[in-house]
Amino acid sequence: MRLFFALTILALALIGAFLFFLRGYARTPKPMGNAAANPSPDWIKSAVIYEVFLRNFSSDGTFKAAEERLESLKQLGATVVWLMPIHPIGKLKRKGSLGSPYSVKDYFDVNSEHGTKEDFKRFVHAAHALELKVVMDFVGNHTAWDCPLVQERPDFYAKDKKGNIVSPNDQWTDVAQLDYKNPDVRAYFANALKTWVKEFDVDGFRCDVAEAIPSDFWQATIAELRQIKPDLLMLAESTLPEHHVVGFDLTYSWNVHGALLDIVKGKKPAHYLDEVLENEEKVFAKHSLRLRFNSNHDLALEHGPPVEAFGGSDGAKATATLVFTMGGYGTIRSVPLLYNGDDIGYSKRISLFEKDPIDWNAPRAEEFRTFYRNLIWLRKTHPALVHGAMEKVKSSNDEAIYAFIRSTAEDKVLVVVNLRNAPFTGYLRLEPNQTLYDFFESERQFATKDGNLKLALNPFEFKCLVFKP
């Protein structure tokens, strides 16, 4: 047991080290398996988060144009709209012609390319009228080089031995690293966060590179924010278990995404997911919520959209099915994320630095919209996929098949996914004398008379089967 636990910590440390070199930040995780996570309201536990890159979400790239698409997000089944940074973008050392939205020049203003503060207020109001929550992206680790703070408060920034302000790493040359040892830095950015809640009624924040910022800052600031709005959603771009204890609701599960990539590419067997989820349960605080995804703006740049990263439309759908149905072992649960464009099977990489609007009439757009509507409806109508415990189901080929049951006292769903580019004919081991129906083809029923559920699946095919009472 001690050896297994030591290997678990080593595995997470290696993940952290990998992310450090890949993304420029990370800290060695401290296991928190015996602690209790920050309790989250039910609306967060059942959330479906949709990430929007305003610049490329429409041809206009404005709040008004995005507001016109809110109804379509509601129909899709999204409950939370996460806006990537909406602030003015720095010009000094800018990457590309328009720069990265993560190079923030002014934390108290909006990018004029998107509209005005009043336009943003109207966007939030319109979202709330549709019962959608709005989450802002907060970039607190670094600023643009021409942010006024560089000249007005150089003491806000980290410096090298010669006293020069530095970037966080060799890749992020368009931004300057902040120094949270300075209490004025903490006060300034805590105030910025509180201002957007007080004046614009936003419902939470996705916090960029959260693990590069001291956890005691988050603990104090989140407590202050929740005095203003108690049910605020706080999402950390982080792999640190401690973030669930200091106040965050959600952290990124890069672990699961990396496993899915390796499995689909044939580098790992499907049952490798068990190892990943078991490690997660050991290290993360009880009742932690993990953000599951098969894409986001970072991954879309690195690996391409899901239809590219996972070898085509079928691979994209197979991995999305797991993202929206798979919780976690023990008391771990999850919330799914969908990046704009993935809901239409968009195959083009969306640039972070240029104007590159999504073509919402892509060739397979309606096919993917229908797929995601049905998948989200499955999650919404079956409480087991939000609150239920997760139990691994063995198959006759666990190298290819990943299957599990999620269940509550009154609801029970079996999910089966073929994660190989090859057909499967075999069986799952279940309790005998059970009857199930296919959620997506309700007229199709399955029986487990002898305790074996016989299935034939095409490459990357999946089944979501509901147990009959």
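Computed from the coordinates by the stated procedures, all read-outs in this text should not be read as laboratory data. Just so it is clear, the model here is predicted, and its values are computed rather than measured. Heads up, the Cβs are rebuilt from the backbone with ideal geometry, glycines too, and the neighbour counts pull from every protein chain shown.
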Equivalent ellipsoid semi-axes - Cα gyration tensor, region 136-207, angstrom: 24, 14, 10
Based on the alpha carbon coordinates of the chain, what radius of gyration and maximum Cα-Cα distance (Dmax) apply, in Å? 22.3, 75
Those trypsin sites (Lys or Arg not before Pro) in region 62-160 that DSSP places in a loop and that have at most 14 other beta carbons within 10 Å: LYS91
Just in region 125-203: which GluC sites (Glu not before Pro) are loop by DSSP and have at most 14 other Cβ atoms within 10 Å? GLU131
Just tell me which aspartates and glutamates come within less than 19 Å, Cα to Cα, of LYS449; anything on the same chain fewer than 8 places away is out. GLU431, ASP438
For region 265-375, what D do you get in µm² per second when you plug the Kirkwood radius from alpha-carbon pairs into Stokes-Einstein at 10 °C and 1.306 mPa s? 105 µm²/s
Listed pairs LYS93/LYS348; LYS105/LYS317; LYS181/LYS348; LYS95/LYS159 exceeding 32 Å between Cα atoms: LYS105/LYS317; LYS181/LYS348
Roughly what % of Cα-Cα distances in region 374-427 sit above 17 Å, to the whole percent? 43 percent
Give me the distance between the Cα centres of region 161-182 and region 358-394, rounded to whole Å. 41 Å
Can you tally the net charge around SER253? Count Lys and Arg as +1, Asp and Glu as -1, for every other residue whose Cβ sits under 10 Å from the Cβ of SER253. +1
Cross-link reach list, lysines versus LYS64, counting only Cα pairs under 19 Å and skipping chain neighbours closer than eight places: LYS74, LYS117, LYS121, LYS133, LYS355
